[in-house]
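Written out below as structure tokens is the structure these notes cover.
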Amino acid sequence: METVDYVDLDRFMGDWYVIANIPTFLEKGAHNAVETYELDDDGTIATTFTFRDGAFDGKQKEYNPRGFIRDTESNALWGMRFIWPIKADYRIVYLDEEYSQTIIGRQKRDFVWIMAREPEISEADYAMLLGVVESLGYDTSKVERVPQKW
């Protein structure tokens, strides 16, 4: 699965709201899901993933995986480590010019994340992004919207 040509890491850092995904077992039922990236001095990405479990007033959950840049020419291919020493495939496969919408995919096409800088995007943008996901070979019937209410 091809990644984008280049990611300016400084611009990519910060908060990304999860708009839709094919959820991992950790994310099923997530509300107000946000992924936050911070570039550390050692070149790794400190990641904070937070969400409310099952409802907007559900228990706050937080995970802190670490990202490792695997392709330093593009900065678009990462390994994401939740449990040492495993680094899960993490590919930035779509990123708009404004760095306001992105899609993260995996070679296995088992999980995908549509994310944006704002908690809501237009239906037209969502349809376009879902089309990109489909063009990558994903079964879009498995994609679920993530409830966001702030």
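Quick check, is TRP113 under 19 Å from TYR17 (Cα atoms) and modelled with pLDDT under 95?
Numbers: under 19 Å from TYR17 (Cα atoms): yes; modelled with pLDDT under 95: no.
So TRP113 fails the test.
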> In the range 113-143, what count of residues is obtained for those that are without any contact (Cβ under 8 Å) to a residue 24 or more places away in the chain, part of a helix (DSSP H, G or I) and out of contact with any Ser or Thr (no Cβ under 8 Å at 6 or more places or on another chain)?
Replying inline: 8
>> Tally up the residues in the range 49-65 that are in a strand (DSSP E or B) and out of contact with any Gly (no Cβ under 9 Å at 6 or more places or on another chain), please.
In response: 6
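Return yes when ILE45 is surrounded by 19 or more Cβ atoms within 10 Å (Cβ to Cβ), at pLDDT 95 or above and either in contact with a Leu (Cβ under 8 Å, 6 or more places away or on another chain) or at positive phi (or both) and no when it is not. Before you say what the answer is, go through the steps one by one.
Values: surrounded by 19 or more Cβ atoms within 10 Å (Cβ to Cβ): yes; at pLDDT 95 or above: yes; either in contact with a Leu (Cβ under 8 Å, 6 or more places away or on another chain) or at positive phi (or both): yes.
Taking the combined requirement at face value, the residue satisfies it.
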>> Go through (1) in a strand (DSSP E or B); (2) surrounded by fewer than 19 Cβ atoms within 10 Å (Cβ to Cβ); (3) in contact (Cβ under 8 Å) with a residue 60 or more places away in the chain for ASP71 and report which single condition fails.
In response: (1)
>> For the condition part of a loop (DSSP other than H, G, I, E, B), free of Cβ contacts under 8 Å to residues at least 60 places away in the same chain, more than 26 Å from LEU39 (Cα to Cα) and not hydroxyl-bearing (Ser, Thr, Tyr), what is the one hit in LYS108, LYS149?
In response: LYS108
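The values are calculated or read from the model by the stated rules, or taken from the named source; none is laboratory data. Bear in mind the structure is a predicted one, so any value in this text is a computation, not a measurement. Glycine also receives a Cβ, built like all others from the backbone with ideal geometry; neighbour counts cover every protein chain displayed.
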